[in-house]
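The values are calculated or read from the model by the stated rules, or taken from the named source; none is laboratory data. From a predicted model like this one, the values you see are computed outputs, not experimental measurements. Ideal geometry is used to build each Cβ from the backbone, glycine not excepted, and the neighbour counts take in all protein chains shown. We work out accessible area using only protein heavy atoms, side chains counted, and drop any ligands, DNA or RNA first. Shrake-Rupley method; radii C 1.70, N 1.55, O 1.52, S 1.80 Å.
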Amino acid sequence: MTSSELQPRQDGATALRLLVDGELDLEGRLVDASNTTLRGILTLDGMTVRCVYKPVRGERPLWDFPDGTLAGREVAAYLVSRATGWDLVPPTVLRDGPFGPGSCQLWIDEPEDAEPLVGFVPAAAVPPRWFPVAAARDDDGAAYALAHADDPRLARLAVLDAVLNNADRKGGHVLVGPGDRIYGVDHGVCFHVEEKLRTVLWGWAGRELPPDAVEMLDGLAGQVAGPLGAELADHLTISEVAELAARVDLLRETRRFPLPPEEWPAMPWPPM
């Protein structure tokens, strides 16, 4: 079985077993990542899948996040995503690897014909049903817009980011996988106790949440207060879990997508 055949939603239990118990052989490093990010192959009982392994020892120190916590935040983001029932984050575990403990996430293969949902487009030719969220110019001075599709799959990801307090939702962190499923990756800078939301998915800012999001949040609140909160306590502080619950409650109260912050940058850099 290859990574393209193993899909997180249909084979979640199998994916987790491979991630936890599979023999991990490294293929190489993803050089564009700011932290040490390695692609590997997991093998178990005749099954083989690709994965992304991020060792704790390769995490770059950040001024606003405690050292050595990014891998645990990656796992916590998966646990919350799984609890929503939306499965927007690929299966992710904390395990030992060739460079010590780190997060290990199922690799998502993007089909060659997958249509991008976020990107820079000519300012005068923003596609129908796309939201322009920022203005830009190329090296020749031509006007462009950073924009994203008005797509319910992306809207769900925007809600999840608000729950996670994701400080780094770049366009390149949105993947379109097989079967037109979308996934969000790179969640190492989530769950801060202070508001840190930085994202390119501002197209729905201030709008009413769709009914399925409200229903999801109602169910998630109970889970954070119960078994999910206990799971998250292995990766987050008590205060971080409490602030997660507070963000869920605020979204349930307002029933609206959050607005861009005024006190800190609303966009990650670079945005793609």
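Hull volume per residue, based on the alpha-carbon atoms of the chain and their convex hull, is 140 Å³. Treating each Cα of the stretch 218-266 as one equal point scatterer and applying the Debye formula with no solvent, the log10 of I(q)/I(0) at q = 0.22 Å⁻¹ comes out as -0.82.
Which number do you get for Rg(Cα) / (2.2 N^0.38 Å) in the stretch 196-250? Relative to the rule-of-thumb radius for its length, the stretch 196-250 sits at 1.29.
Counting Lys +1, Arg +1, Asp -1, Glu -1, what net charge surrounds Leu236 among other residues with beta carbon under 12 Å of its beta carbon? Charge balance near Leu236 sits at -4. Count Lys and Arg as plus one, Asp and Glu as minus one, and take only other residues whose Cβ is under 15 Å from that of Arg129; the net charge is then -1.
In order along the stretch 153-168, the Karplus-derived 3J(HN,Hα) couplings, from 6.51 cos²θ - 1.76 cosθ + 1.60 at θ = phi - 60°, round to 5, 5, 4, 4, 5, 5, 5, 4, 4, 5, 5, 6, 6, 6, 8, 7 Hz, and Gly and Pro are given as x. Protein heavy-atom accessible surface, 1.4 Å probe, per residue over the chain: 48 Å².
Relative protection proxy for 85-96, 43-54, 120-131, 238-249, from highest mean packing down: 85-96, 43-54, 238-249, 120-131 (other beta-carbon atoms within 10 angstrom).
Most tightly packed first, judged by the mean number of other beta-carbon atoms within 10 Å of their residues, the peptides 104-114, 56-66 read 104-114, 56-66. Remark: the stretch 227-242, residue by residue, has Karplus-estimated 3J(HN,Hα) of x, 5, x, 5, 5, 5, 5, 6, 10, 10, 7, 4, 5, 5, 5, 5 Hz, where x stands for each Gly or Pro and the curve is 6.51 cos²θ - 1.76 cosθ + 1.60 at θ = phi - 60°.
Normalised by 2.2 N^0.38 Å, with N the number of residues, the alpha-carbon radius of gyration of the stretch 148-272 equals 1.02. Amide hydrogen proximity for Ile182: with H placed 1.01 Å from N in the peptide plane, the residues at 5 or more positions away or on another chain lying under 5 Å are Gly177. Over the chain, dividing the summed -39,500 (n - 2.57) contributions of all DSSP H runs of at least 4 residues by the number of residues returns a 222 nm mean residue ellipticity of -8500 deg cm²/dmol.
When every alpha-carbon pair in the stretch 25-169 is counted, what percent end up more than 26 Å apart? Percentage above 26 Å: 41.
With the Kirkwood sum run over all distinct C-alpha pairs, the stretch 86-236 has a hydrodynamic radius of 17.3 Å.
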